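The values are calculated or read from the model by the stated rules, or taken from the named source; none is laboratory data. Not measured: the values here are computed from a predicted model. For neighbour counting, all protein chains shown are included, and Cβ atoms are generated from backbone atoms with ideal geometry for every residue, glycine included. The protein model used for the area step is the full one, side chains on, heavy atoms only, and it has no ligands, DNA or RNA in it. Shrake-Rupley method; radii C 1.70, N 1.55, O 1.52, S 1.80 Å.
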Amino acid sequence: MAQTNEMKIEFDSRSCNESFARVSVAAFMTQLNPTLEEVADVKTALSEAVTNAIVHGYENEIRKVYVECRVEDQMLTLKVTDYGKGIEDVKKAMEPLFTTKPDTERSGMGFAFMEAFMDEVEVESEPGKGTAVSMKKRIGRTVSEFER
């Protein structure tokens, strides 16, 4: 029987709350005994997803961002949801360097970073309804897995 544990948080879409989300998820994942690198990877990917919700989903309107975390065995699953403007073309939005805000300091690398630091990234979005970014990462690989 797989051991599972879950938590959910919601917070205002203010950029200062991005660090709150990072610390909350990092604390939650300590039960998996992650390496410092694994914690850093998850925090980076989560930051990108939360920032996207705040900057692009809500365009700096103050609404709610939702973060769900689940651990099952050694798999950490994160889901970041907003009910903002949504993404017209998810495939295009996930291309490295694509940005809808080229006049700002946005690099268009958010999804690329999420994909680099997590094992799986899935984006579901509907224009006018919002976006959900689901990410998975296996934590605590065994030595034998590295030897393969």
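Being open to solvent by 40 Å² or more (accessible area, probe 1.4 Å), of a type outside the set (Asp, Glu) and either within 15 Å of the chain's Cα centre (by Cα) or modelled with pLDDT of 95 or more (or both) is the requirement here; does Pro96 meet it?
Spelling it out, it is not the case that Pro96 is open to solvent by 40 Å² or more (accessible area, probe 1.4 Å), of a type outside the set (Asp, Glu) and either within 15 Å of the chain's Cα centre (by Cα) or modelled with pLDDT of 95 or more (or both).
Here is a list: Ala27, Ala2, Ala49. Which entry is among the hydrophobic types (A, V, I, L, M, F, W, C) and within 22 Å of Pro127 (Cα to Cα)?
None of the others qualify; the one that does is Ala49.
Check whether at least one residue in the range 99-118 is of a type in the set (Val, Ile, Thr), touching a strand residue (DSSP E or B) at 6+ places or on another chain (Cβ under 7 Å) and either open to solvent by 20 Å² or more (accessible area, probe 1.4 Å) or modelled with pLDDT under 95 (or both), and report yes or no.
There is no residue in the range 99-118 that is of a type in the set (Val, Ile, Thr), touching a strand residue (DSSP E or B) at 6+ places or on another chain (Cβ under 7 Å) and either open to solvent by 20 Å² or more (accessible area, probe 1.4 Å) or modelled with pLDDT under 95 (or both).
Can you tell me which residue in the range 47-67 is farthest from Glu115 (Cα to Cα), limited to those that are open to solvent by less than 30 Å² (accessible area, probe 1.4 Å) and free of Cβ contacts under 8 Å to residues at least 60 places away in the same chain? Don't jump to the end; show me each part of the working.
Within the range 47-67, the subset open to solvent by less than 30 Å² (accessible area, probe 1.4 Å) is 47, 49-50, 53-55, 57-58, 65, 67.
Okay, now just the ones that are also free of Cβ contacts under 8 Å to residues at least 60 places away in the same chain, so 47, 50, 54-55, 58, 65, 67.
Values: Ser47: 13, Val50: 15, Ile54: 19, Val55: 19, Tyr58: 22, Val65: 21, Val67: 18 Å.
Among residues in the range 47-67 that are open to solvent by less than 30 Å² (accessible area, probe 1.4 Å) and free of Cβ contacts under 8 Å to residues at least 60 places away in the same chain, the one farthest from Glu115 (Cα to Cα) is Tyr58.
Can you give me the number of residues within the range 1-27 that are open to solvent by less than 30 Å² (accessible area, probe 1.4 Å), part of a helix (DSSP H, G or I) and in contact with a strand residue (DSSP E or B) (Cβ under 8 Å, 6 or more places away or on another chain)?
Of the residues in the range 1-27, 3 are open to solvent by less than 30 Å² (accessible area, probe 1.4 Å), part of a helix (DSSP H, G or I) and in contact with a strand residue (DSSP E or B) (Cβ under 8 Å, 6 or more places away or on another chain).
Looking only at residues that are small (Gly, Ala, Ser) and farther than 17 Å from Met94 by Cα in the range 121-148, which one is modelled with the highest pLDDT?
Only one residue fits best here, namely Gly128.
I'm trying to understand the selection: among the residues of the range 6-46, which are among the acidic types (Asp, Glu) and free of Cβ contacts under 8 Å to residues at least 12 places away in the same chain?
Correct list: Glu37 only.
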